[in-house]
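**Q** Quick one: structure below, then a few questions.
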Amino acid sequence: MTKKPNILFIMSDDHASHAISSYGSRINKTLEIDRLANEGAQFNNCFCTNSICTPSRATILTGKYGHQNGVRTLLDELDGRQQTVPKLLQKNGYQTAMIGKWHLGHGGHSDPTGFDYWNILPDQGDYINPRMIEMGESKVVDGYVTNIITDLSIEWLKKQSNHKPWFLMCHHKAPHRPWIPDEKHKHMYEDVTIPEPETFNDDYQTRAKAVEEAAMSIEEDLNKNDLKMDPPKGLTDSELKSWKYQRYIKDYLKCVASIDDNVGRILNYLDEENLTDDTIVIYTSDQGFFLGDHGWYDKRFIYEESLRMPLLIRYPKEIKAGSIVNDIGLNLDFASTFLDYAGVDIPADIQGESLRPLLRDAVPDNWRRSMYYRYWEHLSYEHRVGAHYGVRTHKYKLVYYYGEPLDANGAEPEERNPEWELFDLEKDQYELNNVYSDPAYENIVNEMKHELDKLQREYSDNNV
Ligand code: CA
């Protein structure tokens, strides 16, 4: 019998695909991460089903939407007694580990389950000398968090037997806010100006009021902790906004540079140990991020920059080097994909599909042509993004801001008038022109509403 493949799942936090050079970044280079694209496959249309940390992580572990696994918002914790992908792999002969950012609660039923070894950052975790919880025991680890998570991952790999396959979730904290770089990259980008995105000065004309209400603007909402220094005196408003963007994006990109180095370290380890051919390596992030796009940082919205996840998969035995996949993949699909590669039956209650056929040029005829998204945390916390759900196809995106908290944890008990948006993605890649009320799109609106209803029924989301 052939040995099952090892699975190395590397996930960073808030790393948008437009800050990866294989995805055409205009603002940085990620030569190590690019190796996975060059030697494997790049998904150009992988999306998250809810663009925030905790729900995306729960969806990855369970293969289910938040309304099914109980994690819809940042305030929900994962109940680890339910079925998860590490448990299924462990039962089927895998050695399993979870190292780094967990962010699904800890203590009681929310500690990681299904892992032979776990060592996690509590909550968001710290960049420098972070406290970590190793199998329930809390300790401070000296150093920079991205290096530490990689060191611990390599240490764990060194201890694994060659006779059993392994599954390692290596979850980086970076490049999450507050974007603290390590010493090595502290002076990177000192003498350069990072280009501002096309939509940096978006005025939100034609968009829903919910868009204006969001509090995640570079201009107004970055705080002292984010900026880490006072601006020079005498700047105009527009100069100050540009200065803040440079402060923010440079720290973000320095954190990404450390991720890139550390991805290189772990790939080199696989090479040195002759593990490369037998190991599926995945690089992704829990969602996308606004890198000054629409004048914002953060995520939450269904808009492209936040919705799209980077997804690179290398498996030399099965995936042709340099493959590009344009079909729609979701974080919902990761669990099924791992199980498929591991030769484990996919339980019927898992909602995602295996991405493996897409990587063998055997795209099923009925592969999804639309995806369902839902953000529950109505006007929550500091960023004030209204709850919404929507559907995206290859050509269009329909969004519905339903204007109420319903029963979601952390949602604010404030009501807003419901609003719709429709974007023609072929004509309007930056989603600047809401055509929902344009009579020319009446049929499209109807078709998209029909699709939305269909997906909500299929995924059993009845809270609509
Ligand atoms: Ca995140």
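**Q** Please give the number of the condition residue 124 fails out of (1) open to solvent by 30 Å² or more (accessible area, probe 1.4 Å); (2) away from the ligand (no atom under 16 Å from the Cβ).
**A** (2)
**Q** For region 180-197, name all the residues that are outside any loop (DSSP other than H, G, I, E, B) and open to solvent by less than 50 Å² (accessible area, probe 1.4 Å).
**A** First, pick out the residues of region 180-197 that are outside any loop (DSSP other than H, G, I, E, B): 183-185.
Residue satisfying the conditions is 185 alone.
This table checks each residue for (1) under 17 Å from the mean Cα position of the chain (by Cα); (2) within 16 Å of the ligand (Cβ to nearest atom); (3) at positive phi.
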residue	(1), (2), (3)
19	yes, yes, no
24	no, no, yes
38	no, no, no
41	no, no, no
44	yes, no, no
48	yes, yes, no
51	yes, yes, no
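**Q** Same structure again: Out of all the residues in region 339-350, is one or more touching a strand residue (DSSP E or B) at 6+ places or on another chain (Cβ under 8 Å) and within 15 Å of the ligand (Cβ to nearest atom)?
**A** no
**Q** Still on this structure, I have one more. What's the number of the condition residue 105 fails, among (1) within 14 Å of the ligand (Cβ to nearest atom); (2) surrounded by fewer than 24 Cβ atoms within 10 Å (Cβ to Cβ)?
**A** (1)
**Q** For the condition farther than 23 Å from residue 304 by Cα and either assigned to a helix (DSSP H, G or I) or within 15 Å of the ligand (Cβ to nearest atom) (or both), what is the one hit in 74, 89?
**A** 89
**Q** Could you pull out the residue among 209, 159 that is open to solvent by 80 Å² or more (accessible area, probe 1.4 Å), free of Cβ contacts under 8 Å to residues at least 60 places away in the same chain and not assigned by TED's automatic domain parsing to the domain that holds residue 428?
**A** Going through 209, 159 in turn, the sole match is 159.
**Q** Next up: Does residue 314 fit the bill of being surrounded by 18 or more Cβ atoms within 10 Å (Cβ to Cβ) and either at positive phi or among the charged types (D, E, K, R) (or both)? Give the steps one after another, and end with the answer.
**A** Details: surrounded by 18 or more Cβ atoms within 10 Å (Cβ to Cβ): yes; either at positive phi or among the charged types (D, E, K, R) (or both): yes.
For residue 314, the condition - surrounded by 18 or more Cβ atoms within 10 Å (Cβ to Cβ) and either at positive phi or among the charged types (D, E, K, R) (or both) - is met.
**Q** I've got another one for you. Collect the residues in region 1-26 that are of a type in the set (Phe, Trp, Tyr) and open to solvent by 10 Å² or more (accessible area, probe 1.4 Å), keeping them in residue-number order. Break it down stepwise before answering.
**A** Start the filter on region 1-26 by keeping residues that are of a type in the set (Phe, Trp, Tyr), which leaves 9, 23.
23 - this is the single residue of region 1-26 that is of a type in the set (Phe, Trp, Tyr) and open to solvent by 10 Å² or more (accessible area, probe 1.4 Å).
**Q** Conditions first: (1) open to solvent by 30 Å² or more (accessible area, probe 1.4 Å); (2) more than 17 Å from residue 291 (Cα to Cα); (3) under 23 Å from the mean Cα position of the chain (by Cα). Residue 250 passes all but one, so which condition is the exception?
**A** It fails just one condition, (2).
**Q** Is it fair to say residue 425 is surrounded by 14 or more Cβ atoms within 10 Å (Cβ to Cβ) and either at pLDDT 95 or above or more than 26 Å from residue 352 (Cα to Cα) (or both)?
**A** When the stated conditions are applied, residue 425 passes them.
Per-residue answers, yes or no, for (1) part of a loop (DSSP other than H, G, I, E, B); (2) under 30 Å from residue 198 (Cα atoms):
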| site | (1), (2) |
| --- | --- |
| 405 | yes, no |
| 429 | yes, yes |
| 432 | yes, yes |
| 437 | yes, yes |
| 442 | no, yes |
| 453 | no, no |
| 457 | no, no |
| 462 | yes, no |
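**Q** Is it the case that region 53-64 has a residue that's outside any loop (DSSP other than H, G, I, E, B), in the same structural domain as residue 118 (by TED's automatic domain parsing), more than 16 Å from the ligand (Cβ to nearest atom) and touching a residue at least 60 places away in the same chain (Cβ under 8 Å)?
**A** The answer is yes, given that some residue of region 53-64 is outside any loop (DSSP other than H, G, I, E, B), in the same structural domain as residue 118 (by TED's automatic domain parsing), more than 16 Å from the ligand (Cβ to nearest atom) and touching a residue at least 60 places away in the same chain (Cβ under 8 Å).
The values are calculated or read from the model by the stated rules, or taken from the named source; none is laboratory data. Remember, predicted model here, so these are calculated numbers, not experimental data. Quick reminder, even Gly has a Cβ in these numbers, built from the backbone with ideal geometry, and neighbours come from all protein chains shown. Protein only, heavy atoms only, side chains kept; ligands, DNA and RNA dropped before computing areas. Shrake-Rupley method; radii C 1.70, N 1.55, O 1.52, S 1.80 Å.
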